[in-house]
Amino acid sequence: MEGCLPAGRRAEGEYGYSRGVVWPMPKSEPEHEEETATDAERRRRRAQFLRELNEAKALRDRVQPRRARAARMRQQMRMRTFRW
């Protein structure tokens, strides 16, 4: 009989249980220099992303002043009704 497993058990490979995917093991201990360089690169990319995000928000506010004003008003209401 096919599918003769105990209740609650699934065959390996069925519905994403394993599907035969083998993921590579991460390095056990990354080198300190490599870790520092990677961290610096991550911080640089994050700073660039935040700059672009703020620029996009400023552009949106200039292009859609009514929507920007409504958003400011909603934010002010949120701050007024916030309780410590």
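I'd like the full set of residues that are surrounded by 10 or more Cβ atoms within 10 Å (Cβ to Cβ) and in a helix (DSSP H, G or I), limited to region 50-64.
Selection gives Leu50, Arg51, Glu52, Leu53, Asn54, Glu55, Ala56, Lys57, Ala58, Leu59, Arg60, Asp61.
Residues that are at pLDDT below 70, over 24 Å from the mean Cα position of the chain (by Cα) and not charged (D, E, K, R): does region 62-77 have at least one?
no
The values are calculated or read from the model by the stated rules, or taken from the named source; none is laboratory data. All of these numbers come straight from a predicted model, not from anything done at the bench. Virtual Cβ from ideal backbone geometry, glycine too; neighbours counted across all protein chains shown.
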